[in-house]
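See structure below.
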Amino acid sequence: MNKLAKTTSLNDGQNLLSSLQEARQLGRKQLAVLVDPDKAKLGQFKRLLKLAERGGIDYFLVGGSLLLNDQTERCIRAIREACSTPILLFPGSPLQITSSADGILLLSLISGRNPELLIGQHVQAAPYLRASGLEIIPTGYILIDGGVATTTAYISNTQPIPAEKTEVTVCTALAGTMLGLQVLYLEAGSGALHPVAEKTIQAVNEAVDIPIIVGGGIRSAQQAQTAWEAGADLIVVGTALEKEPQLLQDLSLVARKVETALQSQG
Ligand code: 1GP
């Protein structure tokens, strides 16, 4: 296979959104690794790509709230050369759109009240997205307070939902599904002190039936397990794997453990 070829036709020809939906239906627990293109040259990233060759990563997310260098293409190329894992853009701005990925989480920041991130930037990006051939995944992005001020909150000029206001998060998630968003991303912010709380994930999981992505501040297999068990379908880990790529193995093992436990519960 051409290693630089796009991989949108994964899982017997299904597209990326179908793969997320199927994972939710079948109780499969998926893992995405968030790569900050600015760090794509570092030694730990190369180690992570070596480990990725052996599997265990369902998607790479590429992007960030603030990028300092124009390294997205290089980063995507490095991932493609190492493995055939699908690559989704996770853009902090329309400047990060590139057709060399497989798809894009088209984020609507529905926890905030910044019209630019609810519709403004999407209008500007629409013709580029249409021409890009990227698979578009309409995503309700919900920022929840993770105990520390995040770049995402600052750059987006929005306030996160207070962590204990579960009902606000649930109503936001519900509104997102009613607006037709296909996926929800519960985000505590990169490097959050506290990941999204178990009870918040549980409450959202009970309220909606679309794939739930959870990320921000997940540093251990135990925290990933808690999130998966609470109802997350896809966990996103960035910072912890940047520092300690070997954590990937533990995360993979825990994902299979949670799936097995779920299956035995019927
Ligand atoms: C941030 O959810 C992602 O957008 C990942 O966060 O870097 O804290 O793992 P971490």
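The values are calculated or read from the model by the stated rules, or taken from the named source; none is laboratory data. Treat the numbers as computed from the prediction; the structure is a model and nothing was measured. Don't worry about glycine lacking a Cβ; one is built from the backbone with ideal geometry, like all the others, and counts go over all protein chains shown. Ligands, DNA and RNA are stripped out before the accessible areas are found, and what is left, the full protein with its side chains, is counted by its heavy atoms. Shrake-Rupley method; radii C 1.70, N 1.55, O 1.52, S 1.80 Å.
Values as computed for the structure displayed
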item: Every residue from segment 170-196 that is outside any loop (DSSP other than H, G, I, E, B) and within 18 Å of W228 (Cβ to Cβ); result: A173, V183, L184, Y185, L186, E187
item: Complete set of residues in segment 232-251 that are within 16 Å of the ligand (Cβ to nearest atom) and assigned to a helix (DSSP H, G or I); result: T239, A240, L241, E242, K243, L247, L248, D250, L251
item: Matching option when the condition is on the phi < 0 side of the Ramachandran plot, part of a loop (DSSP other than H, G, I, E, B) and within 15 Å of the ligand (Cβ to nearest atom), among S111, S99, S84; result: S111
item: Selection from segment 69-82 of residues that are crowded, with 21+ Cβ neighbours inside 10 Å and closer than 13 Å to L49 by Cβ; result: C75, I76, I79, R80
item: Yes/no for L66 being within 16 Å of the ligand (Cβ to nearest atom), open to solvent by 40 Å² or more (accessible area, probe 1.4 Å) and closer than 28 Å to T158 by Cβ; result: yes
item: Residue match in segment 158-165 (condition: within 13 Å of the ligand (Cβ to nearest atom) and touching a Ser or Thr at 6+ places or on another chain (Cβ under 8 Å)); result: yes
item: Count - residues of segment 205-226 that are within 15 Å of the ligand (Cβ to nearest atom), touching a Gly at 6+ places or on another chain (Cβ under 9 Å) and either at pLDDT below 95 or assigned to a helix (DSSP H, G or I) (or both); result: 1
item: Set T166, T150: member being open to solvent by less than 40 Å² (accessible area, probe 1.4 Å) and at pLDDT below 95; result: T150
item: Residue selected from segment 47-57 under the condition farther than 12 Å from E244 by Cα and surrounded by fewer than 24 Cβ atoms within 10 Å (Cβ to Cβ), by the criterion nearest to the chain's Cα centre (by Cα); result: G56
item: Members of segment 176-204 that are more than 16 Å from the ligand (Cβ to nearest atom) and either among the acidic types (D, E) or more than 17 Å from the chain's Cα centre (by Cα) (or both); result: T177, M178, L179, G180, E198, K199, Q202, A203
